[in-house]
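The values are calculated or read from the model by the stated rules, or taken from the named source; none is laboratory data. Please read all numbers here as calculations on a predicted model, not as lab measurements. Using ideal geometry, Cβ is built from the backbone for each residue, glycine included, and neighbour counts are taken over all protein chains shown. Surface accessibility is based on the protein's heavy atoms, side chains included, excluding ligands, DNA and RNA. Shrake-Rupley method; radii C 1.70, N 1.55, O 1.52, S 1.80 Å.
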Amino acid sequence: MSTAASALRQVTEPAALRAWVADERRAGRRLAFVPTMGYLHDGHVELVRVARRHADRVVVSIFVNPLQFGPGEDLDRYPRDLERDLAMLDGLADVVFVPAADALYPPGSEVRVVPGPTAERWEGAARPGHFTGVLTVVAKLFNLVQPDVACFGQKDWQQVVLVRAMVRDLDVPVSLVVVPTVREADGLALSSRNVYLSAEDRAEALALSRGLAAAHERFMAGERDAARVHDAVRDAIAVHPRVSAEYIAVVDPHTLEPEIRVSAASVVAVAARVGRTRLIDNIVLGDGLVPGRTA
Ligand code: AMP
């Protein structure tokens, strides 16, 4: 399926979105959904293009979800540029849903979707409450959009694991599609937060993708000892003085438990601070998608 997008429609009210969705479903059309926090880049655009291949209509949401930010995080300075986002989506998406915070969380809103133990590791340990915020907003958006298919980026690998768990455990009638991470030519994973990076930070930020490339190289050379794969990432990051790793995870893709022996399915994930900016990246060891192998 790849019908051209109709003229982009901007919707702010949940009731108006529901009315549009009801019309589309009555007409028997398949809906695909891409949730975002806006300040779009080519990674988001790729998600929307993939979404188009799976449905007749594509809905994108732009919502900087306050519930998934902790105290002291970047909620207030998270980059926003709605006009630019709308221009990027024109011709690609059919509806962009841009709700106000109190439209999704009116006074009295109190019920949350609380994940299980897989949310306590890695990103969840670094950002307490983050995944409760993510799953709550994703559940709400799924209920409003009622998509047949929803697209998420591998860039946020633990988010993918937890959304999948929510869909499974709460019997949500949606198929998930995971889209590989889109990168700059030099390997840096695209992120809305890259705009925070100074020129000096931008160069140092390559530590993450270089670390992952080093892990991949070691795996391809036959290394199966998880500690050695871990150390390849650590050593590649250590040569970047402005970068400090928060975690380097070499894990089973389902349990998120650290591995002893790695396999092609193992995920290597890293979170690091580059100056004041916190960045994340990951690879699946056997995927063959090696970040930044230009030479
Ligand atoms: P965000 O706006 O950062 O919340 O991201 C919205 C969606 O885009 C999530 O499913 C992300 O995983 C995905 N995404 C973010 N960056 C990338 C990227 N570089 N490549 C592919 N998908 C991405």
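What to note about this one:
- For the chain, carbon and sulfur atoms together expose 51% of the accessible surface, with a 1.4 angstrom probe and every protein chain in place.
- For region 175-257, the ratio of Cα radius of gyration to the globular rule of thumb 2.2 N^0.38 Å stands at 1.20.
- Evaluated at q = 0.13, 0.15 Å⁻¹: base-10 log I(q)/I(0), Debye formula over Cα of region 25-88: -0.44, -0.56
- Potential extension, R9-E120 segment - 0.36 nm per residue separation minus Cα distance: 36.1 nm
- The chain, dipole about Cα centre (Lys/Arg Cβ +1, Asp/Glu Cβ -1), debye to the nearest 20: 360
- Taking 0.36 nm per residue of separation and subtracting the current Cα-Cα distance, fully stretching the chain between E246 and R49 would add 67.6 nm.
- 1.4 Å probe accessible area per residue over the chain, in Å²: 46
- Taken one residue at a time, the phi angles of region 72-89 give Karplus couplings (6.51, -1.76, 1.60, θ = phi - 60°) of x, 7, 9, 3, 6, 9, 4, x, 9, 7, 5, 4, 4, 4, 5, 5, 5, 8 Hz. Gly and Pro are set to x.
- A Förster radius of 35 Å combined with the Cβ-Cβ distance from A185 to R278 puts the calculated FRET efficiency at roughly 0.90.
- The calculated 222 nm mean residue ellipticity attributable to helices in the chain amounts to -10500 deg cm²/dmol, summing -39500 (n - 2.57) over DSSP H runs of n ≥ 4 and dividing by all residues.
- Residues in region 52-69 that a label on D90 would reach, taking backbone N under 19 Å of a point 7 Å out along Cα→Cβ: 58-62
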